[in-house]
Amino acid sequence: MKFPKNLLAYILIFIVSISVSFSQTLTENLQRHIQKLASDEFEGRETGTKGEQLAYEYIIDEFKKIGVKPIDRYDGYLQKFQFTSGYEFGEYNRLVINQKYLDIEFDYYPLPHSSNSSASGVLVY
């Protein structure tokens, strides 16, 4: 399965390209595309999921509408890359803030390349 190497960069380029192309205001275009990509329809857009596929297909369709040419003449707009999947959380995965244990996959979601660490200090807004 092929996935964009840097989905965020594609999204930013996409939003700017779309915004300049249409006669609507920049704010309206940005809001429309951000709401669409952030909607439940895209299921969170996690790498390797149906939601991510829906997101990149949406972006590619919008690129085509405004005439953006694919970079690669063989694979189109997508670039292959490898990622880690199928991992299990260890029994010691935890996150504690102000002595409150947060629920894994509800309050936070560790990535497979997250490191073991601890930190303390004052949170500054």
Filter result (free of Cβ contacts under 8 Å to residues at least 40 places away in the same chain, open to solvent by less than 30 Å² (accessible area, probe 1.4 Å) and out of contact with any strand residue (DSSP E or B) (no Cβ under 9 Å at 6 or more places or on another chain)) within the stretch 41-66: PHE42, GLY51
Is it fair to say VAL124 is open to solvent by 80 Å² or more (accessible area, probe 1.4 Å), among the aliphatic types (A, V, I, L, M) and either part of a loop (DSSP other than H, G, I, E, B) or at pLDDT 80 or above (or both)? yes
Of the residues that sit in the stretch 7-26 and are loosely packed, with under 12 Cβ neighbours inside 10 Å and under 21 Å from the mean Cα position of the chain (by Cα), which one is modelled with the highest pLDDT? LEU12
Just to be sure, is ASN98 modelled with pLDDT of 80 or more, more than 26 Å from PHE14 (Cα to Cα) and not charged (D, E, K, R)? yes
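Please indicate, with yes or no, whether at least one residue in the stretch 108-119 is within 23 Å of the chain's Cα centre (by Cα), assigned to a loop (DSSP other than H, G, I, E, B) and at pLDDT 80 or above.
No, the stretch 108-119 contains no residue that is within 23 Å of the chain's Cα centre (by Cα), assigned to a loop (DSSP other than H, G, I, E, B) and at pLDDT 80 or above.
The values are calculated or read from the model by the stated rules, or taken from the named source; none is laboratory data. Owing to the predicted nature of the structure, the values given are computational and were not obtained by experimental measurement. Methodologically, a virtual Cβ is constructed for each residue, glycine included, from the backbone with ideal geometry; neighbour enumeration extends over all protein chains shown. Ligands, DNA and RNA are stripped out before the accessible areas are found, and what is left, the full protein with its side chains, is counted by its heavy atoms. Shrake-Rupley method; radii C 1.70, N 1.55, O 1.52, S 1.80 Å.
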